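K.L.:
Okay, handing you the structure first.
The values are calculated or read from the model by the stated rules, or taken from the named source; none is laboratory data. Every value quoted in this text rests on a predicted model; they were computed, and no experiment measured them. A quick note on method: Cβ atoms are made from the backbone with ideal geometry, for glycine too, and the neighbour counts reach across all protein chains shown.
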Amino acid sequence: MEMKLENLEAMTDVEERVFWRMFDVQLVRDDGAAARGHLQAGRPVYYREDTTPSGLVIKEFPNGRRELVRFVNGVEQTVNNASVT
């Protein structure tokens, strides 16, 4: 079952937890090539690091700026306008 980020709004809590678990597993297997391609094309990328708080992801912009975001009912929310250093 392939779940896409834009479908989070229609997901139940259980489906959303499964999505994020799958998201984390895919990140472990990623070599970064797709992310670099998106950044080079001018699009932001989303990822997690070991220190990223639970339920949050890092949104990195092509200019290198990073901020913490979460998704609530499929809607992206910046967390207190926090930048990631």
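K.L.:
Filter segment 46-77 down to the residues that are among the aromatic types (F, W, Y) and within 17 Å of R36 (Cα to Cα), then identify the one that is modelled with the lowest pLDDT.
P.N.:
Top of the filtered list is Y47.
K.L.:
Could you grab the pairs with beta carbons closer than 7 Å, sequence gap of 6+ or different chains, first residue in segment 18-40 and closer than 15 Å to T52 by Cα and in contact (Cβ under 8 Å) with a residue 12 or more places away in the chain, second one basic (K, R) and surrounded by 11 or more Cβ atoms within 10 Å (Cβ to Cβ)?
P.N.:
D24/R48; L27/R48
K.L.:
Right, next: Return the residue satisfying two criteria in turn: it lies in segment 25-37 and is part of a helix (DSSP H, G or I) and within 26 Å of N63 (Cβ to Cβ), and of such residues it is modelled with the lowest pLDDT.
P.N.:
This residue is L27.
K.L.:
Out of segment 29-45, which residues are farther than 16 Å from V69 by Cβ and not aliphatic (A, V, I, L, M)?
P.N.:
Selection gives R29, D30, D31, G32, R36, G37, Q40, G42.
K.L.:
While we're here: From the set of residues in segment 6-21 that are assigned to a helix (DSSP H, G or I) and among the hydrophobic types (A, V, I, L, M, F, W, C), which is modelled with the lowest pLDDT?
P.N.:
Within segment 6-21, the subset assigned to a helix (DSSP H, G or I) is 6-10, 13-21.
When the remaining residues are screened for being among the hydrophobic types (A, V, I, L, M, F, W, C), the result is 8, 10, 14, 18-20.
Working: L8: 53, A10: 61, V14: 80, V18: 83, F19: 78, W20: 76.
The residue in question is L8.
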